[in-house]
1. Being part of a strand (DSSP E or B), β-branched (Val, Ile, Thr) and more than 14 Å from the chain's Cα centre (by Cα) is true for just one of Val32, Val118. Which residue is that?
2. Within the stretch 43-77, take every residue that is of a type in the set (A, V, I, L, M, F, W, C) and in contact (Cβ under 8 Å) with a residue 40 or more places away in the chain and give me the one that is surrounded by the most Cβ atoms within 10 Å (Cβ to Cβ).
3. If you scan the stretch 103-114, which residues turn out to be over 11 Å from His53 (Cβ atoms) and either out of contact with any strand residue (DSSP E or B) (no Cβ under 6 Å at 6 or more places or on another chain) or at pLDDT below 95 (or both)?
4. Of Pro62, Pro20, Pro110, which residue is of a type outside the set (D, E, K, R) and more than 12 Å from the chain's Cα centre (by Cα)?
5. Does any residue in the stretch 78-102 that is modelled with pLDDT of 95 or more and surrounded by fewer than 15 Cβ atoms within 10 Å (Cβ to Cβ) come within less than 6 Å, Cβ to Cβ, of a residue that is charged (D, E, K, R) and not in a loop (DSSP other than H, G, I, E, B) six or more places away or on a different chain, and which pairs are these?
6. Against the definition (touching a strand residue (DSSP E or B) at 6+ places or on another chain (Cβ under 8 Å), polar (S, T, N, Q), crowded, with 17+ Cβ neighbours inside 10 Å and modelled with pLDDT of 95 or more), how does Thr119 come out, yes or no?
7. Being within 12 Å of the chain's Cα centre (by Cα), in a strand (DSSP E or B) and farther than 17 Å from Thr27 by Cβ is the filter here, so list the residues in the stretch 85-103 that pass it.
Amino acid sequence: MQQTPSAAMLQNPSVSFVTPADGAVVTSPFVVKFAVNGMTIKPVGDMTEGTGHHHLLIDLGPMPTGEAIPMDAQHKHYGKGQTEDTLTLAPGVHQLTLQFGDGAHRSYGPAMSKTITVTVQ
């Protein structure tokens, strides 16, 4: 039996940065765009299985599965389902981690995260 693309994606859900690329040199402010495969973006409060929204962790790595994602300057929440933002960061090397979380801001863990490094001029 052949799997449909959506069924195949559900086996290996993932998040990714559309832009910037890992290792990019950017000028602040700069645009970041996010994507998710194998899950559906839903706003805060929607607890449907297989759904959630993006969080951007600045100069931090992925969060453990089930841990609540803090609300502070290093943890940006996109609870309305946003898939892009404009960031203003100080010059230097920065680590950006895209972390998918559920409707209660709980992390789906390292498997649903992606970390890149950018250099801000």
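1. Values: Val32 fails: more than 14 Å from the chain's Cα centre (by Cα).
Within the list Val32, Val118, the selection yields Val118.
2. Initial filter on the stretch 43-77 (of a type in the set (A, V, I, L, M, F, W, C)): 44, 47, 56-58, 60, 63, 68-69, 71, 73.
In the following step, the residues that additionally are in contact (Cβ under 8 Å) with a residue 40 or more places away in the chain were identified as 44, 47, 56-57, 63.
On the way: Val44: 17, Met47: 12, Leu56: 19, Leu57: 21, Met63: 23.
Going through the qualifying residues, I end up with Met63.
3. Hits for the stretch 103-114 are Gly109, Pro110, Ala111.
4. Working: Pro62 fails: more than 12 Å from the chain's Cα centre (by Cα); Pro110 fails: more than 12 Å from the chain's Cα centre (by Cα).
The conditions single out Pro20.
5. Hits for this filter: Glu84/Lys33.
6. On the way: touching a strand residue (DSSP E or B) at 6+ places or on another chain (Cβ under 8 Å): yes; polar (S, T, N, Q): yes; crowded, with 17+ Cβ neighbours inside 10 Å: no; modelled with pLDDT of 95 or more: yes.
The answer is no for Thr119.
7. Pass one, the stretch 85-103, residues within 12 Å of the chain's Cα centre (by Cα): 85, 96-102.
From what's left, in a strand (DSSP E or B): 85, 96-101.
Listed by number, the residues that qualify are Thr97, Leu98, Gln99, Phe100, Gly101.
The values are calculated or read from the model by the stated rules, or taken from the named source; none is laboratory data. Since this is a predicted model, take the numbers as computed values, not measurements. Note that we place each Cβ from the backbone using ideal geometry, even for glycine, and neighbour counts take in every protein chain shown.
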